[in-house]
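Everything on this sheet refers to the single structure shown next.
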Amino acid sequence: MTKIRREFILERYGDMREDAASLLMCFWLKLSLSLKNKMKFMIFNDIILLCQSRNFDLSLAGRNLLSDLLEAEFYVTKSCSKLEDMVIDSANSLAESSGLGYLVGILDQISEQLDLSTDEELKKEGYRFVNSVQEFYSYLSNLQKYKPTAANEIDRCFAALQLIDYLKKTKREGILLDNVIFLAKDIHEAIMNYVEAGMVLESLAHSLEWSDRILDGYNRRGKNYPRQTESERKEQLFNDAIEMYSRGKYFEKCISVIKILIQRNEEIILFQKLPSLSHQQAEMFANILNTERFFPTYFRVRFEGEIFGEEINGKEFIYRGAIEESLGAFMNRMKEAFVTATIIIDDRNEIKGLKNDSKENFVFIRTVRPVVIQKNDIPVQEKIATYRRSNDVNLFTYTVAKRKSTSKTDNEFRDLWNIKYFFKTESNFPSKIRCLRIIETNEEHINPILCAIENLKESYNSLKQSIQESSKKMDRSGDTAGLGRYLSGIIDAGVNGGVKKYIDAFLNSKYEQEFPEFVSFIPELKKELISLAELIPSGLIEHERIRSELMEPFQKVLETTFRDQWIGKMIKTVRESL
């Protein structure tokens with residue numbers, strides 16, 4: 001009916017819906033309980049439309065009809081579970097378009113009528129119905145309150161995961177699938193969080209069984225799952241997860257899911273699919289070796305302030321940022337999400353000074369790096385190592401350099417300690433959400449000479465890696481940027497900074513007298529200095545091979561400085577002290 005025709009009828013005849021509602025109630029009350037219970041599947045949607053009406057009498061009629069349906073089902077079946085499923089399914093499908101306000105009116109009406117009832121069994125089952133629908137309503141309304149903006153990404157994900165966990169617990173399969181698709185497609189995929197979308201879909205797939213049980217079809221949110229067996233649904237979800245992982249260049253995870261499908265097809269002797277699965281798996285291995293990949297930056301975030309609420313106030317999280325996201329870019333994103341809070345680069349001493357004597361709201365942020373637990377000593381290619389440094393991780397760290405002595409010294413390295421902070425999350429990244437709670441925090445104080453040893457080892461490994469990467473380049477390619485930077489940094493630092501100051505700070509009798517407790521580390525320091533000095537010539541030879549003609553003066557400076565200052569002075573001093 002058009003709007004003009006509707007207005008014409010209302011003007012000539014008035015709103016006849018109120019009379020219709022009155023007649024409907026008279027007719028309904030004359031039906032038997034058994035007939036009412038049978039009719040609920042035919043008239044339920046119309047009753048919900050009445051409940052949603054802005055006309056008070058129509059809305060009241062709808063609520064009364066629904067309350068009467070509850071009594072009818074109870075007295076016929078001794079349960080209200082069918083009506084409970086229908087109300088919850090309806091609320092889930094109508095939430096985004098019509099809101100959930102009508103549901104509160106329904107529950108209030110049913111509760112009022114239950115309060116007046118003298119049937120204790122009806123009251124018990126009725127209150128169970130009300131409590132169950134209210135619990136679902138609380139999760140769904142919490143999700144609906146967040147607008148679909150980038151600033152609300154984490155809040156929406158948390159709310160969606162809470163709802164999904166509730167639906168798994170209550171075994172509401174149809175609504176569970178809908179909300180999994182909502183989280184995977186409408187939240188994660190919409191903002192290109194493909195890996196997280198894959199994790200959500202794979203998690204649901206793992207919750208299903210390899211069985212012939214028939215599942216209802218699903219066609220919403222641009223996704224179509226036909227009426228199929230549980231095994232077919234599980235396989236389709238695994239394939240959807242593979243697609244998301246592949247789009248996110250998470251090829252290692254693609255391989256692990258494909259292995260599950262291969263194993264399943266081998267078990268049921270369904271060999272027709274094995275060639276294509278094996279080919280797909282081979283493509284993923286090739287992608288690992290041939291695709292240039294970059295990975296997200298991780299950040300530690302702490303919230304302090306009343307605006308954050310009990311869920312996050314005073315708590316710490318690790319955020320998985322965007323690919324190679326800078327600290328400044330991430331801080332800007334957090335400013336958009338928490339406009340009334342002050343965003344501060346994290347300093348743990350600063351936190352202690354601010355959080356107790358201020359009523360302001362703060363978000364403390366610090367870039368952290370994953371700690372990779374080496375499982376074995378088997379060497380791997382750099383592309384594989386790079387992946388492992390950023391994925392399947394739940395331990396993170398950052399380091400702060402600090403002097404413990406208040407007196408001045410002619411060499412700052414002698415008293416420059418490193419404080420390493422370690423943060424463990426509740427599960428591994430990547431996860432179904434880009435933010436995980438920190439469950440354990442530790443710190444480690446590293447003495448100055450050990451700091452020097454660690455820095456030398458890091459310089460050695462970085463230079464060695466750069467030499468290996470340069471060895472793949474053509475002669476006179478001119479692409480010396482990476483190797484040249486490392487060589488210049490190490491050789492020049494040996495003359496003007498780091499290495500020379502390490503020797504001056506630690507390789508003398510004065511240091512041994514002042515810090516006898518650290519003397520045992522001196523042989524290791526000498527060993528690392530010599531190892532680095534022995535590696536530098538390989539770097540210079542490689543640099544000479546690939547440099548352009550224009551870089552000849554730079555090459556000569558590097559060689560001369562290394563020969564005169566490193567070999568002629570510093571390393572000679574180290575060797576003589578051995």
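Laid out as a table, the results:
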read-out	value
Average silhouette area of segment 375-519, convex hull of alpha-carbon atoms, in square nanometres	12.9
0 to 90° range, to nearest 10: angle between helix 153-169 axis and the chain longest Cα axis	60
In Å², nearest 10: area of residue 186 left accessible to a 1.4 Å probe	50
Dipole of the chain [Lys/Arg +1, Asp/Glu -1 at C-beta], most positive-end residue of 49, 307, 28	307
For residue 435, residues with placed amide H under 5 Å, excluding near neighbours	320
Calculated FRET efficiency for the pair residue 401/residue 441, C-beta based, R₀ 22 Å, to 0.05	0.70
Reciprocal mean inverse distance between Cα atoms of segment 146-290 - Kirkwood radius, Å	16.0
Rounded to 5, the percent of DSSP beta bridges in the chain classed as antiparallel	90
Environment charge of residue 244, counting only residues whose C-beta is closer than 13 Å and scoring Lys/Arg +1, Asp/Glu -1	+1
Relative contact order of the chain, pairs being alpha-carbon contacts under 8 Å that are 6 or more residues apart, as %	7
Distance histogram for segment 203-244 (every C-alpha pair counted, 10 angstrom bins, percent rounded to whole numbers)	31, 59, 11
Equivalent ellipsoid semi-axes - Cα gyration tensor, segment 438-564, angstrom	33, 19, 11
Per-residue HN-Hα couplings for segment 218-224 [Karplus 6.51, -1.76, 1.60; θ = phi - 60°; Hz; x = Gly/Pro]	9, 9, 8, 6, x, 10, 10
Probe 1.4 Å - accessible area at residue 342, Å² to nearest ten	60
Segment 10-161, accessible surface, carbon-and-sulfur percent (1.4 angstrom probe)	54
Whole-percent carbon and sulfur share, accessible surface of segment 429-578, 1.4 Å	51
Largest-first ellipsoid semi-axes for segment 419-478, taking √(5λ) over the Cα gyration tensor eigenvalues, angstrom	35, 23, 6
Residue-wise HN-Hα coupling along segment 439-444, computed from phi with Karplus coefficients 6.51, -1.76, 1.60 (Hz; x: Gly, Pro)	10, 8, 10, 9, 9, 10
Whole-number D in µm² s⁻¹ for the chain, Kirkwood Cα-pair radius fed into Stokes-Einstein, 37 °C, 0.692 mPa s	110
Compactness relative to 2.2 N^0.38 Å, alpha carbon Rg of segment 242-320	1.73
Within the accessible area of segment 168-218 (1.4 Å probe), percent carbon and sulfur	53
Accessible area expressed per residue, the chain, with surrounding protein chains retained (probe 1.4 Å, Å²)	53
Amide proton proximity set for residue 346, modelled H, under 5 Å, gap of 5+	365, 366
Cα-centre dipole for segment 103-188 with unit charges at Cβ (Lys and Arg positive, Asp and Glu negative), debye to 20	440
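The values are calculated or read from the model by the stated rules, or taken from the named source; none is laboratory data. The structure presented is a predicted model; accordingly, all values stated were derived computationally and were not measured. Please note: Cβ atoms are built from the backbone with ideal geometry, for glycine as well, and neighbour counts cover all protein chains shown. SASA here: full protein model, heavy atoms, side chains in, ligands and nucleic acids out. Shrake-Rupley method; radii C 1.70, N 1.55, O 1.52, S 1.80 Å.
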